[in-house]
Structure formats: C-alpha cells, structure tokens
1. Hey, of (i) 3, 14, 14, 16, 15, 13, 10, 7, 5, 2, 1, 0; (ii) 4, 14, 21, 17, 14, 12, 9, 6, 3, 1; (iii) 3, 14, 18, 21, 17, 15, 10, 2, which did the structure itself give for P(r) over Cα pairs in 5 Å bins from 0, in percent when calculated?
2. Skipping prolines and chain starts, which residues have an amide H placed within reach, meaning under 5 Å, of the one on GLN58, given they are 5 or more residues away or on another chain?
3. So what's the angle, to the nearest 10 degrees on a 0 to 90 scale, between helix 32-44 and the longest Cα principal axis of the chain?
4. At a 10 Å Cβ-Cβ cut-off, how would you order ILE35, ILE51, ILE56, fewest neighbours first?
5. Dipole of the chain, Cα-centred, from +1 at each Lys and Arg C-beta and -1 at each Asp and Glu C-beta, to the nearest 20 debye?
Amino acid sequence: MKLTCETRETLQHYKSLINASRREAGLSPLNTTQILDDICTYLKYQNAVYIGGAFIQQAGIKNLNK
C-alpha cells in the first residue's frame, strides 16, 4: 500500500499517542497494521463517513455484519 508522507506522519503521530497510553496502562504496543485495522473498524460503525469525495450513509451495524 502506498501512503503519502502526510498520511505516514499522521499515522505515526496517532501510533505514538496510542502506544504511550497503552504503555501507561501496562499494555503492549500496537503496530501500524493493528492501528489501521482499528481505524477501519471505527469507521464501519459510524452513521456516515466522508471518504475519497464520497459521502457514505451507513446501513446500520446489523447489515454491515452480514
């Protein structure tokens, strides 16, 4: 997957924040793949998202899990 420099910086920023919080809680750090998986899971459960110029109205959690 090709990511822009800006996207890589953003992911690194959130990775640092997440892992600092996890470290304080005595949890192991997450890698970039795990963080991207969590971001996708978060987006999946939103009522609507705006990605790539498209406004996507979610059908609901029940329909997404089929």
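1. Of the listed options (i) 3, 14, 14, 16, 15, 13, 10, 7, 5, 2, 1, 0; (ii) 4, 14, 21, 17, 14, 12, 9, 6, 3, 1; (iii) 3, 14, 18, 21, 17, 15, 10, 2, (iii) comes from this structure.
2. The answer is ALA48, VAL49.
3. 30 degrees
4. Ascending Cβ contact count within 10 Å gives the list ILE51, ILE56, ILE35.
5. Rounded to the nearest 20 debye, it is 200 debye.
Where a number appears in this text, it was derived from the coordinates with a stated rule and is not lab data. This one's a predicted model, so the numbers in the text were calculated from it and none came from an experiment. We place every Cβ from the backbone using ideal geometry, glycine too, and count neighbours over all the protein chains shown.
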